[in-house]
Amino acid sequence: MNLLKIKTRAVILLCVLLMGLLYSSVRQSGRVIDPFKQNQISPTKRQPPMLPMPGNATSRTDVLTMTSWSVPVVWEGTFNPVLLDSFYQDKSLTIAATVFAQGKYIRFLKRFLETMEQHFFTGFNVHVFVYTDQPNEVPQVKMASGRQLTVKTVPTLNRWQDISASRMFLIQALIDDELLDYADFIFCLDVDSEFHGHWGTESLGDLVGVLHPGYYKAQRSALPYERRPISKAYMAPEEGDFYYCGGAFGGNLQEVQRLSQNCTINFWDDRTKGIEAVWQEESHINRYMWLNKPSKILSPEYLWQDIAARKPEIHIIRFFGVVKNYAEIRPNV
Ligand code: UD2
């Protein structure tokens with residue numbers, strides 16, 4: 001072996017040793033750094049926890065339990081709540097939830113909060129954010145240890161469409177300003193609803209959509225997507241997997257931040273063109289979830305409404321949209 005070869009090998013060996021030292025020092029500091037990767041996530045930000053495999057999705061044969069892109073559709077009988085809760089119990093998860101109660105919708109808040117306390121992530125850390133224009137009317141509801149409520153005061157809006165759609169902007173701001181370093185998952189829920197059954201860790205996923213109770217059996221052509229091409233929520237006839245609810249969705253902080261930011265931008269883009277999607281932010285959510293497939297889908301058990309007779313496949317109602325008189329309760333018709 002000549003002198004040049006020996007020198008080259010010595011340099012390579014030295015480099016390998018140095019890389020090894022660098023790797024072990026960053027490992028010891030609790031963080032593995034890829035020296036070739038830009039924009040690494042700050043170690044202070046909470047990372048979404050690992051999710052366990054879905055339960056036995058084949059235990060129901062009367063309903064769709066797996067999508068064409070292989071993510072579970074959660075129905076009663078497709079998961080074991082005791083097993084799942086025990087998987088998460090020692091992970092000290094914090095689940096955030098948003099609920100908006102503006103104008104006359106404040107009347108629904110007490111029942112929403114009371115039933116939430118009984119059924120929603122019991123035994124876990126839960127932080128509920130109530131957005132209202134009447135902070136003094138927020139009812140006192142006794143909460144278990146580890147659970148808390150924060151009231152956010154918002155201005156009174158005179159169009160129900162604006163109230164409904166402005167939620168996306170406020171959710172995005174909440175995640176950006178307060179939640180990224182603190183909570184693990186978030187669910188955004190309609191206030192005119194009550195919890196009637198267990199809603200727990202089986203619902204956790206990176207991006208979670210809920211099948212709308214009115215359309216989970218409908219043909220694609222019957223789904224009430226936005227059909228005007230001028231809107232950013234437009235869905236062509238050959239597009240769409242499912243029709244998802246605007247009244248319940250969630251996921252990890254990063255995914256819901258992306259969703260709410262995208263829907264806010266597209267809603268306002270439509271407004272500058274003088275158009276509002278047929279079902280406001282729900283239409284934009286549906287467009288978003290067509291392009292960015294949810295990693296978990298919850299069955300209509302997770303937001304049932306008595307818009308039609310109850311169906312045999314609905315074994316339990318976990319979250320229920322109360323019947324309301326739209327003309328009486330909304331600020332505008
Ligand atoms: C559907 C969706 C809803 C939203 C809406 C968009 C379901 C079950 N519901 O319900 O989430 O996407 O379509 O058009 O999927 N709110 C107030 N004060 C008001 C009006 C609304 O606080 O005066 C809030 C409240 O949290 C309410 C939510 O906005 O739950 C949605 O309004 P809605 O329930 O009147 O909308 P709806 O029934 O058309």
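The values are calculated or read from the model by the stated rules, or taken from the named source; none is laboratory data. Everything numeric here is computed off the predicted structure, so don't read it as measured data. No Cβ is skipped: glycine too gets one built from the backbone with ideal geometry, and neighbour counts run over all protein chains shown.
General observations
- As for the range 268-275, it holds no residue that is away from the ligand (no atom under 13 Å from the Cβ), buried (at least 18 other Cβ atoms within 10 Å of the Cβ) and within 30 Å of residue 201 (Cα to Cα).
- Selection status of residue 226, among the acidic types (Asp, Glu), within 16 Å of the ligand (Cβ to nearest atom) and closer than 27 Å to residue 82 by Cβ: no
- Where residue 164 falls short, out of the listed (1) farther than 28 Å from residue 325 by Cβ; (2) in contact with a strand residue (DSSP E or B) (Cβ under 9 Å, 6 or more places away or on another chain): (1)
- For the range 170-183, the count of residues that are more than 15 Å from the ligand (Cβ to nearest atom), within 19 Å of residue 91 (Cβ to Cβ) and either polar (S, T, N, Q) or in contact with a strand residue (DSSP E or B) (Cβ under 6 Å, 6 or more places away or on another chain) (or both) is nonzero.
- Checking each residue in the range 134-161 for being within 14 Å of the ligand (Cβ to nearest atom) and either among the basic types (Lys, Arg) or in contact with a strand residue (DSSP E or B) (Cβ under 6 Å, 6 or more places away or on another chain) (or both) picks out 135, 138, 151, 152, 154, 159.
- Selection status of residue 199, aromatic (Phe, Trp, Tyr) and touching a Lys or Arg at 6+ places or on another chain (Cβ under 6 Å): yes
- Members of the range 91-108 that are buried (at least 17 other Cβ atoms within 10 Å of the Cβ) and more than 17 Å from residue 331 (Cα to Cα): 93, 94, 95, 96, 97, 98, 99
- Considering residues of the range 182-202 that are part of a strand (DSSP E or B) and over 22 Å from residue 132 (Cβ atoms) only, the residue farthest from the chain's Cα centre (by Cα): 199
- Residue in the range 287-333 that is farthest from the ligand (Cβ to nearest atom), counting only those that are in a loop (DSSP other than H, G, I, E, B) and acidic (Asp, Glu): 313
- The range 218-233: number of residues that are out of contact with any helix residue (DSSP H, G or I) (no Cβ under 7 Å at 6 or more places or on another chain) and touching a residue at least 12 places away in the same chain (Cβ under 8 Å): 8
- For the range 117-128, the criterion of being buried (at least 22 other Cβ atoms within 10 Å of the Cβ) and touching a Lys or Arg at 6+ places or on another chain (Cβ under 6 Å) is met by at least one residue.
- Matching option when the condition is polar (S, T, N, Q), surrounded by 15 or more Cβ atoms within 10 Å (Cβ to Cβ) and over 22 Å from residue 187 (Cβ atoms), among 231, 283, 299: 231
- Within the range 95-133, considering residues that are within 19 Å of residue 163 (Cα to Cα) and assigned to a loop (DSSP other than H, G, I, E, B), the one nearest to the ligand (Cβ to nearest atom): 102
- Qualifying residues in the range 142-181 (those that are outside any helix (DSSP H, G or I) and touching a Lys or Arg at 6+ places or on another chain (Cβ under 7 Å)) - the one modelled with the lowest pLDDT: 181
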